Structure formats: C-alpha cells, structure tokens
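The values are calculated or read from the model by the stated rules, or taken from the named source; none is laboratory data. Just so it is clear, the model here is predicted, and its values are computed rather than measured. Here the Cβ positions follow ideal geometry from the backbone for every residue, glycine too, while neighbour counts run over all protein chains shown. These area figures cover heavy atoms from the full protein model, side chains too; ligands, DNA and RNA do not enter into them. Shrake-Rupley method; radii C 1.70, N 1.55, O 1.52, S 1.80 Å.
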Amino acid sequence: MVTLNAYLLVSGLLFAIGFAGVLLRRNIIIIFMSLELMLSASNLSLVAFSRFNTVNGLPNYNGQILVFFIIAVAAAEVAVGLAIIVALFRARHTTHVEDMNSMKG
C-alpha cells in the first residue's frame, strides 16, 4: 500500500523540478510549463491529503472537489497565458526572457 509520505515526496519532487525550471530557464514557454508542473504538484498533494483524511471510515472528498476548480482555473490560465506568449512572440520574434526587458513593443 502506498502511504501519504510517498505521495507527498513525489509532489515535493515535482514542485522542486518546476521551481528549478522557473528559476533556471530563460525560455518563456519552458517557464510556463514549469509553473503548470508546480500547480500539478500542489493538486497531487491536495488529492493525497483528501484521500488519507478519513471521516467515519470514508475519505473526505473536499480536497478533490477543490482540485476540479483548480484545474478549471488552470485551463483558463493556459488559454490566456499562451495567447500572451504568442502576442509577445509576434511583437518581439523571440521567446527568451532576457530579450523582453521593457513593456514597449
């Protein structure tokens, strides 16, 4: 049987990989994917806590319901974020963060 600690370890590793990607990478698409990886890691920990928090022998599904709302917000974030990235690429012809040093086109 898989314990809560195993889920939290995987979630922590995924979050650390995503955080390292945000800090170390310079491509805005990779940074965006790293942010989504961090969001997925937090979802995994919410589901794990929800699964292992039992009330009268039944799992408490409040965390899993919250994950559905987070996934819906993340889908909207992806749509808006990718639109912004495409607009930046069309204006600057690059996806590197260093080349985007001002808000002017």
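Using R0 = 35 Å, the C-beta based FRET efficiency linking residue 77 and residue 1 works out to 0.50.
If you put +1 on each Lys and Arg Cβ and -1 on each Asp and Glu Cβ, how big is the dipole of the chain around its Cα centre, in Debye rounded to 20? List each step's numbers first, then the result.
Values: 6 positive and 4 negative charges, 32 e Å.
So the dipole magnitude of the chain works out to roughly 160 debye.
Can you give me the % of accessible surface on the chain that is carbon or sulfur? Probe 1.4 Å, all protein chains present, nothing else counted. The partial results should precede the final answer.
Values: 5290 of 7410 Å².
Carbon and sulfur together cover 71 percent of it.
Over segment 27-105, one equal point on each Cα, no solvent: what is log10 I(q)/I(0) by the Debye formula at q = 0.17, 0.19, 0.21, 0.22 Å⁻¹? Treating every Cα as an identical point scatterer, log10 I(q)/I(0) equals -0.73, -0.83, -0.92, -0.97. When you restrict to C-alpha pairs under 8 Å that are six or more residues apart and normalise by the size of the chain, the relative contact order lands at 25 percent. Probing with 1.4 Å while keeping every protein chain in the model, the per residue accessible area of the chain equals 71 Å².
In this rough spin-label picture, where each label sits 7 Å from Cα along the Cβ direction, the residue 23-residue 90 distance is 3.6 nm.
Highest mean first, what order results for 28-40, 77-89 on Cβ atoms within 10 Å?
28-40, 77-89
Across segment 65-82, rounded Karplus estimates of 3J(HN,Hα) from the backbone phi angles (6.51 cos²θ - 1.76 cosθ + 1.60, θ = phi - 60°) give 5, 4, 4, 4, 5, 5, 5, 5, 5, 5, 5, 5, 4, 5, 4, 6, x, 5 Hz, Gly and Pro being marked x.
Counting only alpha carbon atoms, the long axis of helix 4-24 and the longest principal axis of the chain meet at about 10°.
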